[in-house]
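One structure below.
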């Protein structure tokens, strides 16, 4: 188990609570460090924080935004991602030197001279964001969502028959089951670097196993991947990763620290 988790009232981004947790993944006898960040906005000074947070290229893009919701989500997502990246790299503390570009399907691409061989997956929901940074020998995807009637309707509309049958076997509420299915599929789509541009049945969840404080999902059409999911208050977070890696992560510690910043 790797140490290094931190919970704090952040002084760099005004009005934000954040923590970063580190864990390890083992591939072919080599251990890789992974960093996971959660950040929650309370109230922000967008002009001040953008100046201290964004790369020049990001700032030009940021200045085209007109609506507060988009402004806040962009700042929050970049802040969480750069916290995760710097925790993993350990040698770059200036967020303005880290550029996160959008790939062909809007997947995040890290461009930084001092953060080589690092990639990131990020997600945000309202005033909460999460990001996971990892060596580019690995591939991971993360998604977090909050329960809502809109998401319930959207997920129900695309459930496969296998997933409908699965809902009766998973020991959680139907609302949480739907939210878990959604986050698991979206985190898988980020691993595939397609986002939700592919038919949803390709991402079909085959099984969900409940363990101590979290669940592990497997996929019908992509059996080389697994996803771990956990619930904190009204949020569900899912992380998808390759099955052929050994993961050492303290989910209950992460849940405890996330609870503290919500």
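The values are calculated or read from the model by the stated rules, or taken from the named source; none is laboratory data. Just so we're clear, the structure is a prediction, and the values are computed from it rather than from any experiment. Cβ coordinates were reconstructed from backbone atoms using ideal geometry, including for glycine residues, and neighbour counts include every protein chain displayed.
Tell me which of these residue 97 doesn't satisfy, since it passes every other one: (1) under 18 Å from residue 50 (Cβ atoms); (2) surrounded by fewer than 20 Cβ atoms within 10 Å (Cβ to Cβ); (3) touching a strand residue (DSSP E or B) at 6+ places or on another chain (Cβ under 9 Å).
(3)
Identify, by number, the condition in (1) surrounded by fewer than 24 Cβ atoms within 10 Å (Cβ to Cβ); (2) outside any loop (DSSP other than H, G, I, E, B); (3) in contact (Cβ under 8 Å) with a residue 12 or more places away in the chain that residue 153 doesn't meet.
Residue 153 satisfies all of (1) surrounded by fewer than 24 Cβ atoms within 10 Å (Cβ to Cβ); (2) outside any loop (DSSP other than H, G, I, E, B); (3) in contact (Cβ under 8 Å) with a residue 12 or more places away in the chain except (3).
Hey, any hits in the stretch 28-41 for a residue that's assigned to a strand (DSSP E or B) and out of contact with any strand residue (DSSP E or B) (no Cβ under 8 Å at 6 or more places or on another chain)?
Of all residues in the stretch 28-41, those assigned to a strand (DSSP E or B) come to 30-41.
Adding the requirement that they be out of contact with any strand residue (DSSP E or B) (no Cβ under 8 Å at 6 or more places or on another chain) leaves 30.
Yes: one or more hits.
When you scan the stretch 89-130 for strands (runs of 3 or more DSSP E) that lie fully inside it, which ones turn up with 3 or more residues that are in the same structural domain as residue 71 (by TED's automatic domain parsing) and free of Cβ contacts under 8 Å to residues at least 24 places away in the same chain? Before you say what the answer is, go through the steps one by one.
Numbers: elements: 99-102, 108-111, 118-125.
Counting at least 3 such residues, we get no strands (runs of 3 or more DSSP E) at all.
So that you can scan it fast, the table gives a plain yes or no per residue for (1) in contact with a helix residue (DSSP H, G or I) (Cβ under 8 Å, 6 or more places away or on another chain); (2) part of a helix (DSSP H, G or I):
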{"position": "164", "(1), (2)": "no, yes"}
{"position": "169", "(1), (2)": "no, no"}
{"position": "175", "(1), (2)": "yes, yes"}
{"position": "185", "(1), (2)": "yes, yes"}
{"position": "195", "(1), (2)": "yes, no"}
{"position": "213", "(1), (2)": "yes, no"}
{"position": "217", "(1), (2)": "yes, no"}
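With respect to residue 183, is the statement that it is assigned by TED's automatic domain parsing to the domain that holds residue 235, within 17 Å of residue 222 (Cβ to Cβ) and surrounded by 18 or more Cβ atoms within 10 Å (Cβ to Cβ) true?
Values: assigned by TED's automatic domain parsing to the domain that holds residue 235: yes; within 17 Å of residue 222 (Cβ to Cβ): yes; surrounded by 18 or more Cβ atoms within 10 Å (Cβ to Cβ): yes.
Taking the combined requirement at face value, the residue satisfies it.
Examine the stretch 199-217 for a residue that is under 25 Å from residue 109 (Cα atoms), surrounded by fewer than 15 Cβ atoms within 10 Å (Cβ to Cβ) and either in contact (Cβ under 8 Å) with a residue 60 or more places away in the chain or in contact with a strand residue (DSSP E or B) (Cβ under 7 Å, 6 or more places away or on another chain) (or both), and state whether such a residue exists. It would help to see each step written out before you state the result.
As a first pass, look at the stretch 199-217 and keep what is under 25 Å from residue 109 (Cα atoms): 199-200, 202-203.
Applying the additional criterion that residues be surrounded by fewer than 15 Cβ atoms within 10 Å (Cβ to Cβ) yields 199.
Add one more test, that the residue is either in contact (Cβ under 8 Å) with a residue 60 or more places away in the chain or in contact with a strand residue (DSSP E or B) (Cβ under 7 Å, 6 or more places away or on another chain) (or both), and what stays is none.
For the stretch 199-217, residues under 25 Å from residue 109 (Cα atoms), surrounded by fewer than 15 Cβ atoms within 10 Å (Cβ to Cβ) and either in contact (Cβ under 8 Å) with a residue 60 or more places away in the chain or in contact with a strand residue (DSSP E or B) (Cβ under 7 Å, 6 or more places away or on another chain) (or both): absent.
Which count do you get for residues in the stretch 70-84 that are in contact with a helix residue (DSSP H, G or I) (Cβ under 9 Å, 6 or more places away or on another chain) and buried (at least 24 other Cβ atoms within 10 Å of the Cβ)? Please lay out each step first, then the result.
Taking the stretch 70-84 as the starting set, the residues that turn out to be in contact with a helix residue (DSSP H, G or I) (Cβ under 9 Å, 6 or more places away or on another chain) are 71-72, 74-75, 78-79, 82-83.
Now restrict to residues that are buried (at least 24 other Cβ atoms within 10 Å of the Cβ): 75, 78-79, 82-83.
Residues that pass the stated criteria total 5.
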